[in-house]
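The values are calculated or read from the model by the stated rules, or taken from the named source; none is laboratory data. Treat the numbers as computed from the prediction; the structure is a model and nothing was measured. As a convention, Cβ positions derive from the backbone with ideal geometry for all residues, glycine included, and neighbour counts pool all protein chains shown. The protein model used for the area step is the full one, side chains on, heavy atoms only, and it has no ligands, DNA or RNA in it. Shrake-Rupley method; radii C 1.70, N 1.55, O 1.52, S 1.80 Å.
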Amino acid sequence: YRRRTRHCERASAPTMDTKGMTRDRNPGLFGGNRFKLGVFGINCSGGLSLLKERWHGSWGDNVNVAKLADEAGLECLVPLQRWKGYGGVSNVNSHCLDSIAWASGLLGQTRHLSIFATVHATLLHPVFAAKQMATADLIGGGRFGVNLVPGSNAAEFRMFGQELDEHLDRYAMAQEWWDVIRRAWSNEEEFDFE
């Protein structure tokens, strides 16, 4: 996706609920607590730590944390999105579960918690992402959220044959990406986007 998407179709079956995260469908995130609490970065090994005895980020450990957070009344889980580790002795984030698949799996394991996916707009086609996110939202009954980022790690972008655009250009592109997704969720007819 480089600012041109042709013949976009609605991202899911006609039964898809396009309301997304609404206050009545997501009382955890939009409930009475003014101060929201969540857990960040558990889908990656090391999380944000350089300690030797750090988090490994296994699927089983992620499920356990999600269930504990759900039972404790926390509001959300927000993952990192990494495509490779940072190298060096600690190689932080060398193991990282894909955030949309991770969110879908954990939404099926929890009842109240909002679970986000962190998505690099430049690296994922918006029609493909729209379908994945609509599915995740259906699995979670409206508890799915998106942490949309334009990316910042040039080495990861080069893995996909892309260079990192200028800061403001990345944010403008991310807005276009989101516009395509919202149209894919709400348009009844095919559309072109340039």
**Prompt:** Counting just the residues of region 91-103 that are open to solvent by less than 30 Å² (accessible area, probe 1.4 Å) and either polar (S, T, N, Q) or modelled with pLDDT of 95 or more (or both), which one comes out nearest to K36 (Cα to Cα)?
**Reply:** A103
**Hits in region 55-82 - residues which are aromatic (F, W, Y) and farther than 21 Å from A136 by Cα** = W55
**Complete:** Filtering region 165-189 down to residues that are open to solvent by less than 100 Å² (accessible area, probe 1.4 Å) and not in a helix (DSSP H, G or I) yields D165, N187
**Item:** Scan of region 131-141 for residues that are under 15 Å from L106 (Cβ atoms) and open to solvent by less than 60 Å² (accessible area, probe 1.4 Å), ordered by number
**Value:** Q132, M133, A136, D137, G140, G141
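Could you tell me whether any residue of region 17-33 is on the phi > 0 side of the Ramachandran plot and at pLDDT below 85?
Yes; the residues of region 17-33 include at least one that is on the phi > 0 side of the Ramachandran plot and at pLDDT below 85.
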**Fill in**
Counted residues in region 109-130 being open to solvent by 20 Å² or more (accessible area, probe 1.4 Å) and touching a helix residue (DSSP H, G or I) at 6+ places or on another chain (Cβ under 8 Å) come to 6
**Listing of helices (runs of 4 or more DSSP H) fully contained in region 47-139 that carry 2 or more residues being over 18 Å from the mean Cα position of the chain (by Cα)** = 59-72
